[in-house]
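Have a look at the structure below before the remarks.
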Amino acid sequence: MTTRDLSVRIGSLSLKNPVIAASGCFGYGLEYAKSLDIARLGAVVSKGLFMKPREGHPPPRIVETPSGMLNAIGLQGIGVHRFVAEKLPELRRLGVTTIVNVCGTTIDEYCEVSRVLSDADGVAALELNISCPNIKEGGIQFGCSLTGTYDVVSAVRKATSLPIIPKLTPNVTDVASFARASEEGGADAISLVNTFLAMAIDVETRRPKLSNGMGGLSGPAIRPIAVRMVYECHQAVKLPIIGMGGIGSVEDVLEFMIAGAAAVQIGTAAFVDPFIWDKLTAGLSSYMERHNLARVTDITGSLRTDA
Amino acid sequence: MTTRDLSVRIGSLSLKNPVIAASGCFGYGLEYAKSLDIARLGAVVSKGLFMKPREGHPPPRIVETPSGMLNAIGLQGIGVHRFVAEKLPELRRLGVTTIVNVCGTTIDEYCEVSRVLSDADGVAALELNISCPNIKEGGIQFGCSLTGTYDVVSAVRKATSLPIIPKLTPNVTDVASFARASEEGGADAISLVNTFLAMAIDVETRRPKLSNGMGGLSGPAIRPIAVRMVYECHQAVKLPIIGMGGIGSVEDVLEFMIAGAAAVQIGTAAFVDPFIWDKLTAGLSSYMERHNLARVTDITGSLRTDA
Amino acid sequence: MAIDVLAEILTNRALSADYNVVEFAAPELARLAQPGQFVMVKTSPGGDPLLRRPYSIFEILRDANGRPSGLSILNKYVGAGSALIYAATPGHRLSLLGPLGTPWPAAEPGPARGSAPAEHWMVAGGVGLAPFVTLAETLAAAKRKTTLFYGGRSAGDLYFAGLFGDLGVDVILTTEDGSRGERGRVTAPLDRALADRGPTAVTLYACGPTPMMRAVAALGAAHHCRTFVSLEQVMGCGMGGCYSCVVRVDDGHDPHFVRSCLEGPVFDASRIVWDALVH
Amino acid sequence: MAIDVLAEILTNRALSADYNVVEFAAPELARLAQPGQFVMVKTSPGGDPLLRRPYSIFEILRDANGRPSGLSILNKYVGAGSALIYAATPGHRLSLLGPLGTPWPAAEPGPARGSAPAEHWMVAGGVGLAPFVTLAETLAAAKRKTTLFYGGRSAGDLYFAGLFGDLGVDVILTTEDGSRGERGRVTAPLDRALADRGPTAVTLYACGPTPMMRAVAALGAAHHCRTFVSLEQVMGCGMGGCYSCVVRVDDGHDPHFVRSCLEGPVFDASRIVWDALVH
Ligand SMILES: Cc1cc2nc3c(=O)[nH]c(=O)nc-3n(C[C@H](O)[C@H](O)[C@H](O)COP(=O)(O)OP(=O)(O)OC[C@H]3O[C@@H](n4cnc5c(N)ncnc54)[C@H](O)[C@@H]3O)c2cc1C
Ligand SMILES: Cc1cc2nc3c(=O)[nH]c(=O)nc-3n(C[C@H](O)[C@H](O)[C@H](O)COP(=O)(O)OP(=O)(O)OC[C@H]3O[C@@H](n4cnc5c(N)ncnc54)[C@H](O)[C@@H]3O)c2cc1C
Ligand SMILES: Cc1cc2nc3c(=O)[nH]c(=O)nc-3n(C[C@H](O)[C@H](O)[C@H](O)COP(=O)(O)O)c2cc1C
Ligand SMILES: Cc1cc2nc3c(=O)[nH]c(=O)nc-3n(C[C@H](O)[C@H](O)[C@H](O)COP(=O)(O)O)c2cc1C
Ligand code: FES
Ligand code: FES
């Protein structure tokens, strides 16, 4: 087997391979460092961070649904300063490509968190979480409005020279227009999808199953919708796209890449298989072998729509 | 076991029970008449009908996805005149409560189809399909625009005195605003959700798995999103709501009703179990027994959100 | 009329690494079934896979008194659902919906050409053998002269030739690698036999890969034989509810899509618009 | 360090209509495991259910030479995942991720009150027995004096009392219906024993329904015993990735949520904000 080039570039960000751990689904990465070499991942996206530590919602925070799960964690997190002090040095030492998921309740907070992270050593890129459906004050009001999206992206653009990657919500009529607003705002890439706003009810108690009432749907259930959205964005913008939503096998990775993703993130599937990373990259290599592709980037956007 | 009242009224439409066969998932109903008593269903919604017969898309028209399926049937159908001549008399003879799913490429066509059906004998209500994601010319352009929705509903309102039930698409940012537009247009009820626009790719051929490229996602996968949308609409309008999306058990029926649905439709699950109807109504009765509810309408909107 | 039965798995016999036969206890289904019909199998009690899978009724099982007691299916492993059928555990139960679809046409004698008695020739490729046991039994009961042309890639792909022999069927085997029977495609001996048949009226029945059925249909047309094919479209419901399983037919007027779960799976081959068939 | 092994099911023993014990061949896991740790079980090879389910390591199995060869879990059927474990077929394989979580604290002697030797008392309700076999073995190996207070609804809910007896554990049984042992709750004999113990230092370990654990924690606090509880929160990942499994703790400063898959499942009971616990 000849060597296959799995590396990808997303703006000025270089990744060893296109398989990234999704925000909120891999802690701060270090939780897994004892069990596997987390530097082998394309990148690790941290749990969403505000300026200050956040409590999150009371449990129950998750509930399983058919081929999916709802979560309403409520962005429990240690805040950006503790992240920089307590997590970043170890991530750097391990050689992890670290992307930080940036949250804010105001545009200023996005900028401030981004500035703190720009000043720190070891942050590869910023993913702007304007799409968490689970807390009222956090992001989604920006992510569901074209001007809100543009405003956050363009403001953060001025605050940092790190690559910025707005993360889009699927809870909109026309996701491609949000991709365009991101592009106009100066984003280096976009990532999508965040979770779908959803709900599950305990019919015996007639109460929502999550303490928060609603939560975000992730997992294989949403994959076909997410693939469609990646495809639509790929048609609409030139920006590199990081695709996600229910990826759990190399076929799923390929589906997103063929639809237009330059890289992918794995969330829910990493709960089921925390050792999934090497399996996916090995699967990519053997697909490239079989299809005689030298570079993984050759897969991106290769959907054939001719008859 | 004392008798439990399963009947519901949706505007001027009376149903024996709240369990309805969804459009496009039960043919014209008659296909099943040899195997079961289709008059026992709350109602049967016909396959979508235009004025003229329609070919539909070439196969492959469906593909299974995790806990769901994509379809791009393309509204193959016999047209409203053949429906009235060939199907309606038998449906009437069998005592079936028949709701017709009305399609159109123009507002005029919606009105014309509605008029033909109003003049016929045996149509209980009209469901306005402004939400099929699978054909370019059919409905979704109305269903994704508030004025389009209002315009179709108010035009059909003038063309018929039958109960009219616009069927909403979930592919929008704020489904409740479409419920309001329907209410303002003079609808008697709303039904939701139609399918989610989605896509699946064969990674070996790098082509879409459906001949049409994209299709609509239905089945258990979408249920938590659909429940959330029914809940949002129930908060927003006084109209009765017919809920659907992945219902396959009595717990699922109850989830939609507790969230605010007056009745429910079963689509994909009837493919798996065409005899599901009596199981669901029996399950409703025993739930009412257990919870000491006399009328099934007591369940609608009974979600408890207090702490 | 279709019924849904939760049928106990009696036996599961692996024929190879990807073929197996599963027997189910299902007396009522077995009584209702006609040759060439199919069942929709719920391959798992849970939600993965979600949809049922269509399977031809392979054999009708009978009790000691000859009464229908169950049925078997011949399964080829191709994906998630057939993998579960391949691994099915005797004693467990699976839900079977059926019998469904239009059966093979009754074994009418057919318009005799001259004086020679009419014959019935079956043409099977691979797992396309499945709908032919029931047809062969019906033809045998009606004392028809029958032949099975049966092709596979190699000897290991050919099963149950003996079963047909026991029913009085002449069996002609082919394999692509020549490891059993004639080397090459099943259509080669069929073509020769059609050319050689003299004044005998022959009805052809075919099931297998689409290119094979298409070739048989062409031979049938060239030799003026009524030809029936059993098509395998992807099916969502099997009952006419979903319009997923359509096949394009041309009955002289506008070609249009018909549901192969209702009008098929058995079709008069002359109706089929072959270019529009997916598989 | 956690590993993921596709472990063969060796035996599946039904104890009742809803309890069973499944033994797995998993030598490496068994070697790594410490008392009170758990594994995340993939209950089905397919996608239904999607997520793994957490299970205490019930017994460490050993080969003829006493080397760890596998482990068992004690399962109670409550929903889809546990139903699959209840029906698990020997010979099949399930994926086990582990060992996970913070184990029971090592069997330190504890601050002796006066001269009496320290004692270790375990309190189990129903399936809460699961994490105690490994603890009892460790305590037995360290020659500690141990007692098990074990309660269920009726005699049929009490299993393995003999297994603890063989390990030298004093076993005190209660049932709510009085069908075996003392009638009533397990906390009643515990309360009396704590009152009667004299100067003995006792460490309490509890696992079972939340109200029971809360009552044990209260007794422990009232009698100045160090008390540990093993909590059962719903878990998405078991590895600290998802923040679903949180428990509210109060360490003197601000109460806050900690991940019970990392800091637990075993907690010092005095830290727990019981009002915030769901179950
Ligand atoms: C009327 C009828 C009778 C049939 N009888 C038999 C039989 O007796 N024995 C048997 O082994 N199979 C039979 N089939 C085919 C069988 O239904 C499919 O092999 C099965 O549905 C595949 O399911 P899966 O989950 O294993 O594969 P999937 O994971 O669903 O698909 C795997 C691959 O198989 C292809 N495939 C899926 N469904 C079909 C289909 N219906 N026809 C052809 N290719 C398909 C897919 O496109 C894909 O490439 C029959 C089909 C029909 C319509
Ligand atoms: C660290 C830990 C160790 C455990 N050890 C054991 C054990 O040794 N033996 C055993 O039988 N069970 C144990 N459990 C509980 C076990 O994980 C659940 O019973 C199981 O996940 C239920 O899965 P299910 O699919 O059958 O039920 P589901 O369908 O998921 O749920 C059915 C019902 O059970 C409740 N439930 C789900 N998960 C839990 C949970 N974690 N705790 C309490 N209730 C829950 C749900 O709220 C629901 O009401 C343990 C849990 C944890 C966190
Ligand atoms: C438990 C959980 C927590 C999440 N937390 C975050 C978060 O903090 N920030 C964020 O942008 N996305 C968060 N997400 C969304 C995921 O990053 C991802 O977009 C989504 O789950 C879809 O991918 P998947 O189907 O592979 O899980 C979270 C998802 C889950 C399941
Ligand atoms: C094969 C198929 C065909 C459908 N055809 C129609 C249609 O003609 N008109 C319509 O309004 N909805 C149609 N739908 C949507 C369903 O009526 C229903 O809204 C959707 O499938 C969600 O419900 P379910 O998850 O129970 O299937 C179709 C759905 C499927 C799966
Ligand atoms: S399979 Fe549904 S109509 Fe034929
Ligand atoms: S279960 Fe995921 S963090 Fe504990």
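Quick look at the values:
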| read-out | value |
| --- | --- |
| Per-copy distances of the D:P45 label point, shortest first, in nm (7 angstrom along Cα→Cβ) | 1.8 |
| Calculated label separations, D:R192, copies of the chain, 7 Å along the beta-carbon direction, nm | 9.5 |
| DSSP bridge orientation in the protein assembly as shown - percent antiparallel, rounded to nearest 5 | 55 |
| Net charge of neighbours whose Cβ lies under 15 Å from the Cβ of C:E182, counting Lys and Arg as +1 and Asp and Glu as -1 | -1 |
| Gyration tensor (alpha-carbon) shape descriptor, chain A, a/c threshold 1.5 | rounded |
| Crossing angle, helix C:210-222 versus chain C [Cα axis fit, 0-90 degrees, rounded to tens] | 30 |
| Where rotation carries C onto D, the chain C residue whose Cβ is nearest that axis, in whole Å | C:D48, 2 |
| Per-selection Kirkwood Rh - segment C:1-144 (Cα, Å, 1 d.p.) | 16.0 |
| Shielding by other protein chains, B:188-201, mean Cβ within 10 Å | 4 |
| Per-residue mean of C-beta atoms belonging to partner chains within 10 Å, peptide A:214-221 | 5 |
| Cβ-based exposure ranking for B:V100, B:V123, B:V113, C:V171, in which fewest neighbours within 10 Å come first | C:V171, B:V123, B:V113, B:V100 |
| By average C-beta atoms within 10 angstrom, highest first, the peptides D:220-226, A:243-249 | A:243-249, D:220-226 |
| Whole-number D in µm² s⁻¹ for chain D, Kirkwood Cα-pair radius fed into Stokes-Einstein, 20 °C, 1.002 mPa s | 112 |
| Cα gyration tensor, segment C:20-80 - rounded (a/c under 1.5), prolate or oblate | prolate |
| Rounded to 10°, Cα long-axis angle of helix D:132-141 versus longest principal axis of chain D | 60 |
| Of all DSSP beta bridges in chain B, antiparallel share, percent nearest 5 | 45 |
| Alpha-carbon centroids, segment B:58-94 and segment D:140-216: separation in whole Å | 64 |
| For D:D177, inter-copy label distances in nm, listed shortest first [label point 7 Å out on the Cα-Cβ vector] | 6.4 |
| Nearest 10 degrees, 0 to 90: helix C:187-196 Cα axis against chain C principal axis | 40 |
| Positive-pole candidate from A:G267, A:S67, A:F83, dipole of chain A, charges at beta carbon | A:F83 |
| Peptide-level mean, for C:48-60, of C-beta atoms on other protein chains within 10 Å | 4 |
| Unit charges on C-beta of K, R, D, E only; dipole of segment B:8-298, Debye | 220 |
| Per-residue Cβ neighbour rank within 10 angstrom, fewest leading, C:F58, B:F275 | B:F275, C:F58 |
| Protection proxy ranking of C:246-255, B:281-290 - average other beta-carbon atoms within 10 Å, highest first | B:281-290, C:246-255 |
| Charge tally in the Cβ shell below 11 Å around A:A181, where Lys, Arg are +1 and Asp, Glu are -1, A:A181 excluded | -3 |
| Chain A: calculated mean residue ellipticity at 222 nm from DSSP helix runs of at least 4, using -39500 (n - 2.57) | -9000 deg cm²/dmol |
| Order of D:W274, D:W121 under a 10 Å beta carbon neighbour criterion, fewest first | D:W274, D:W121 |
| DSSP bridge orientation in segment A:1-137 - percent antiparallel, rounded to nearest 5 | 45 |
| Cα-based shape type of the protein assembly as shown, given that a ≥ b ≥ c are square roots of the gyration tensor eigenvalues and the cut on a/c is 1.5 | prolate |
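Each value in this text was obtained by applying a stated rule to the coordinates, not by laboratory testing. It should be emphasised that the depicted structure is a prediction, and the values quoted were computed from it without experimental measurement. Positions of Cβ are generated from backbone atoms using ideal geometry, with glycine treated the same way; all protein chains shown enter the neighbour counts.
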